[in-house]
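Shown next, in structure tokens, is the structure this report addresses.
The values are calculated or read from the model by the stated rules, or taken from the named source; none is laboratory data. Not measured: the values here are computed from a predicted model. Cβ coordinates were reconstructed from backbone atoms using ideal geometry, including for glycine residues, and neighbour counts include every protein chain displayed. Please note that ligands, DNA and RNA were not included when accessible areas were found on the heavy atoms of the full protein model with its side chains. Shrake-Rupley method; radii C 1.70, N 1.55, O 1.52, S 1.80 Å.
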Amino acid sequence: MCRMSAPFSWIRPEPHGIHIPHADLWIDPARPVGTALVTHGHADHARGGHGRTVATPATLAIMKLRYATEAGAEPAPYGETIQLPGAVAATYLPAGHVLGSAQILLEHAGERVIVTGDYKRRPDPTCPPFAVTPCDVLITEATFGLPVFRHPPIGEEIAKLLAARAANPARCVLVGAYALGKAQRVIAELRAAGYAEPIYLHGAMERMCRLYEDFGIDLGKLRPVAGVPKAELEGQIVICPPSALADRWSRRLPDPLTSMASGWMRVRARARQRQVELPLIISDHADWDELTRTIEEVNPAETWITHGREEALLRWCQLHQRKARALALVGYEDEDD
Ligand SMILES: [Zn+2]
Ligand SMILES: [Zn+2]
């Protein structure tokens, strides 16, 4: 039946997610469904309430922690092909975005479709690198899909953070970073740069950092801020969720020098709006060059663009004689960057 239909007609972008109607499978659905294939644990991709949730073991652990997802959880380790209803096979491949993040390769009727979820191509000590994998259709994210977005090397940003700390011994450096992924990557990169002091954590960060440690990611000495005398925090690095940067909580800290780690720190207005003294351009998403390089390397017959600035990447594909379309999906609010 499928062989009679148009190419790739078995997979369909719908407003609430990517749908495989004949098997009733959904990828990163924005509402509860029977069977969800989940790329990673960020809130705009992973939701509770599905009958069955297929994800990597780390993503399932994250979903258990954040959304109490337990019933119907089905692990899909990287590289193992699992057979699903409707003669659909799924293989989860590293996406290099956060712990557990995966691209999902879907195979049906001799056709191969990859849904990237969120991804990046830069090295990240907290997760395995993006696996370039051939396919017919690449469904790519485009969060930073504009040529102005070119992320600097993370080593430069970490050096700025360490220099600010060294120059301000009576203050603490307070870094706003998302609790899943960004916080642990910043900590791991500080360790890779040789920073061995304890790193202090806002309470909202602790459990996720412990989960990373449970999956073998060494984050060094971590301490909760709660209960630590103000004077002890002078000259220290404190990590908190971005929402805590400007709230009452930060008054317990000694003259905090506020920083924020996000790809959006490239946009000066955003840094100003958050009253960030030290913007750090650190992103867990592909920048413009990574997006276009990935399309070239994967070299799919078609590229479907979603989740961000679709127009510029669509135009780039057209200029490079690549068949492409922009998908308009709802519900992706970019939790992570
Ligand atoms: Zn994400
Ligand atoms: Zn996302």
Residue 12 paired with residue 192, simple spin-label distance in nm, labels 7 Å along Cα-to-beta-carbon: 4.3
In nm, give the distance between the simple-model label positions of residue 221 and residue 160, each being 7 Å from the Cα along the Cα-to-Cβ direction. 2.8
Provide the gained length on full extension for the span residue 150 to residue 52, in nm with one decimal, where the gain is 0.36 nm per separating residue minus the Cα-Cα distance. 31.5 nm
When the accessible area of region 1-136 is split by element with a 1.4 Å probe, what percent falls to carbon and sulfur? 59
Percent of alpha-carbon pairs separated by more than 13 Å within region 150-196: 61
Rank by packing, highest mean first: peptides 174-184, 285-295, 193-203, 34-44, with packing defined as the count of other Cβ atoms within 10 Å averaged across residues. 174-184, 34-44, 285-295, 193-203
Theoretical gain in end-to-end length, residue 251 to residue 268 [0.36 nm per residue, Cα-Cα removed]: 3.6 nm
Within the chain, helix-based [θ] at 222 nm, where runs of 4 or more DSSP H residues each add -39,500 (n - 2.57), nearest 500: -6500 deg cm²/dmol
Centre separation in Å (Cα based) which lies between region 229-248 and region 63-107: 36
Give the value in nm², to one decimal: projected area of the alpha carbon convex hull of the chain, averaged over all directions. 16.6
Please give me, ordered by residue number, the trypsin sites (Lys or Arg not before Pro) of region 67-163 that lie in loop per DSSP and have at most 16 other Cβ atoms within 10 Å. 150
Place a label point 7 angstrom from the Cα of residue 167 along the Cα-to-Cβ direction, then list the residues of region 259-280 whose backbone nitrogen is under 11 Å away. 278
Where the centre of each part is set by its Cα atoms, how far does region 258-308 sit from region 109-167, in angstrom? 8
Among bridges DSSP assigns within the chain, what percent are antiparallel (round to 5)? 35
Restricted to pairs 8 or more residues apart or on different chains, the lysines in the chain with C-alpha atoms under 20 Å apart form a number of pairs equal to 5
